[in-house]
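See below for the structure under consideration.
The values are calculated or read from the model by the stated rules, or taken from the named source; none is laboratory data. Because the structure is a prediction, the values reported are computed rather than measured. Using ideal geometry, Cβ is built from the backbone for each residue, glycine included, and neighbour counts are taken over all protein chains shown. These accessible areas exclude ligands, DNA and RNA; they are computed on the full protein's heavy atoms, side chains included. Shrake-Rupley method; radii C 1.70, N 1.55, O 1.52, S 1.80 Å.
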Amino acid sequence: MLKNPATKYRPFPPVQLPNRQWPSRVHTQAPIWCSVDLRDGNQALAVPMNVAQKLELFQTLVKCGFKEIEVGFPSASNTEFAFNRLLIEKKHIPDDVAIQVLVQAREDLIERTVESLIGAKKVIIHLYNSTSPAQRRVVFGKTKEEVKAIAVQGAQWIKDRLHRLKGTEVMLQYSPESFSATEVEFAKEVSEAVMDVWQPTPQNKMILNLPDTVEVAMPNVYADQIEWICTNIKNRESLIISLHTHNDRSTGVAATELGLLAGADRVEGTLFGNGERTGNLDVIIVAMNLYMHGIDPKLDFTDMNSMRDVYERCTGMTIPARQPYSGELVFTAFSGSHQDAIKKGLAEWEKGERPHWDVPYLTIDPADIGREYREVIRVNSQSGKGGVAYLLESQFGIELPKDMQREFGPIANDLVDTLGREVQAEELKAMFWKEYVERETPWRLHHFHADGLDGTFRSRATVFRDGKELALTGEGNGPIAAFVNSLTQAGAPKFEVGYYKEHALSEGDSAFAIAYIQIRLPGGKTRWGAGVDTNIELASIKAVVSALNRI
Ligand code: KIV
Ligand code: ZN
């Protein structure tokens with residue numbers, strides 16, 4: 001890298017917009033959405049999708065609620081052309097969905113494009129040519145006037161062929177490609193020249209798409225460019241202003257959101273942000289950002305998991321684990337303090353007393369997009385007692401008392417640290433069982449029976465101590481007290497029961513009860529024990545033995 005980047009790079013000039021309005025606006029409704037997965041997304045793949053893959057993705061987009069879908073570049077290849085024909089001839093396009101096609105300002109390409117659309121119900125023909133200084137100079141070697149003439153000629157060639165689409169509802173779209181790097185005055189001039197050809201009206205609008213083809217500045221600059229056009233272009237009411245952002249500086253979402261505040265009506269993007277270089281805008285993020293503010297995004301991602309599967313299968317791309325809303329880990333907390341806060345937040349939410357979602361660390365309820373709560377808290381060596389307790393409770397119904405969580409949490413944490421990886425709930429249960437439920441040395445319970453009369457209980461038990469059988473009898477104000485007394489008489493260390501809790505286990509273990517007991521030794525030291533049995537009384541006696549074995 002250069003010591004002084006200014007010798008090679010320069011800042012992007014700001015737009016003169018002294019009275020800008022967008023910073024004080026808020027979003028109130030969803031834009032018109034257009035998916036460009038099957039065109040811009042497809043163009044960016046090392047191996048473009050075949051017809052079957054494009055169809056599967058098209059059907060997924062329809063299911064999500066897209067009403068405008070750019071299905072391809074039909075003049076670019078036979079596959080692209082064939083895909084259009086398949087959609088139309090096999091009636092795969094719902095009546096309320098418009099298919100959009102992209103075409104350059106070349107007569108032969110426009111001819112082929114129009115041909116690909118014959119018989120469709122609703123279409124958008126999308127014409128583009130590049131307008132930025134670098135493109136004018138390097139790619140085309142043309143003056144501003146000549147570049148404008150390309151756009152005008154392309155617009156005219158399309159207009160001349162519209163009679164071939166009788167019976168088809170046609171909307172026209174123009175993109176000054178590389179708009180974000182184009183002088184706003186020139187972008188306006190070219191766009192108005194295209195408008196002069198197409199003659200849009202408020203009843204019969206055209207789409208003016210203003211692409212952030214390559215992000216060359218901060219998103220506020222793009223917003224200024226959009227507001228500048230919205231304010232200065234003629235006949236604004238005859239236009240649908242559309243945004244199409246890429247993600248070179250990682251601000252595609254921000255640019256779109258600010259562009260909407262700046263007056264745009266429509267957004268183009270792809271699922272999961274597939275697209276050229278760093279990708280197109282991930283439409284899911286913008287839609288879900290609206291959703292998390294209580295605005296109906298008019299797109300439905302309830303079945304995010306199947307969308308992920310279809311996308312990965314069709315495009316061969318993988319979704320990064322941290323991709324907002326859709327990534328594998330975006331609702332997951334490994335850190336102990338986060339887990340604790342989430343656990344408390346979810347418990348409060350489940351009481352149903354608060355009208356609005358306000359759970360720490362979770363921007364939305366993961367369940368709304370088909371994610372499971374079991375994904376939220378996962379345990380590795382960074383996790384604390386809260387996460388361990390949450391998994392045991394949510395997966396197996398093991399409701400560890402708070403104090404016992406403090407004892408078992410560090411034990412589990414040490415074991416997980418030794419493993420050096422994430423552990424599953426089943427593994428935590430096995431650790432718990434080994435530490436408490438399956439402890440049978442030095443004491444092992446073989447048989448227990450207690451009878452009570454007038455508040456006094458007498459117990460008889462057979463236990464093994466270091467493998468040696470002992471017959472115990474004792475008395476107390478309950479079966480546990482009687483058993484504890486019999487143990488002391490048999491030479492066990494003296495202790496008293498400090499805390500006791502029991503409950504039925506859930507699901508697979510529903511025939512079993514679990515008991516937790518805390519014992520207190522004369523010096524004040526405490527130990528926890530747990531016992532499991534179909535008989536609740538036996539579960540508690542086993543819990544006493546478990547605690548005794550852990551002294
Ligand atoms: O990024 C872009 O500028 C495009 C245009 C064709 C709209 O994809
Ligand atoms: Zn693009």
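Before moving on, here are some points about what is shown:
- The trypsin sites (Lys or Arg not before Pro) found in region 141-242 that occupy coil by DSSP, while having at most 12 further C-beta atoms within 10 Å, are K166, K234.
- Sequence-ordered 3J(HN,Hα) estimates for region 383-391 from the Karplus curve with 6.51, -1.76 and 1.60 and θ = phi - 60° stand at 8, x, 4, x, x, 4, 5, 4, 5 Hz, glycine and proline given as x.
- The label-point distance for I118 and N19, in a model that sets each label 7 Å from Cα toward Cβ, rounds to 5.2 nm.
- Pair E372, K234: separation of 7 Å Cα→Cβ label points (nm): 6.1
- Within region 28-315, DSSP assigns beta bridges of which about 5% are antiparallel (rounded to the nearest 5).
- What the Cβ-Cβ distance of H92 and E169 gives, at R0 = 22 Å and to the nearest 0.05, is a FRET efficiency of 0.80.
- Cut-off 18 Å (backbone N to label point 7 Å along Cα→Cβ of Q43), residues of region 103-119: 103-114
- The T473 and T418 beta-carbon pair, evaluated with R₀ = 60 Å, returns a calculated FRET efficiency of approximately 0.90.
- Based on C-alpha pairs under 8 angstrom that are at least 6 apart in sequence, the chain has a relative contact order of 9 percent.
- Using a Förster distance of 56 Å, the FRET efficiency for E183-E426 (Cβ separation, nearest 0.05): 0.35
- Cβ-based net charge around V253, under 15 Å, with every Lys or Arg adding one and every Asp or Glu removing one: -4
- Computed over the Cα atoms of region 443-549, the ratio of the radius of gyration to the Kirkwood radius (Rg/Rh) comes to 0.97.
- Region 336-435 - Debye-derived log10 I(q)/I(0), Cα point model, q = 0.10 Å⁻¹: -0.27
- Short to long, the 5 Å bins of the Cα pair-distance histogram for region 285-353 hold 3, 14, 15, 19, 22, 16, 8, 3, 1 percent of all pairs.
- Percent of Cα pairs in the chain per distance bin of 10 Å, from zero to the largest separation: 3, 15, 20, 17, 12, 9, 9, 7, 5, 3, 0.
- Length added when fully stretched, Q153-S337, from 0.36 nm per residue minus Cα-Cα: 60.0 nm
- Considering only the Cα atoms of region 28-315, their convex hull presents on average a projected area of 13.8 nm².
- Interchain or long-range residues, amide H under 5 Å from A333's placed H: I377, R378
- 5 angstrom amide H check on L45, placed H, neighbours 5+ away: none
- The stretch between R550 and F512 holds 11.4 nm of extra length on full extension. This uses 0.36 nm per residue minus the Cα-Cα distance.
- Residues with amide H under 5 Å from that of T245, placed H, sequence gap 5 or more: D212, E268, L281
- The fraction of accessible area contributed by carbon and sulfur in the chain is 50 percent, rounded to a whole number (1.4 Å probe; ligands and nucleic acids excluded).
- Rough spin-label spacing in nm, given labels placed 7 Å along Cα→Cβ, for K434 and V26: 5.4
- Compared with the alpha-carbon gap, the fully stretched path from H447 to R520 is longer by 23.9 nm at 0.36 nm per residue.
- Note on K298: lysines with a C-alpha under 18 Å away, same-chain residues under 8 apart excluded, are K63, K67.
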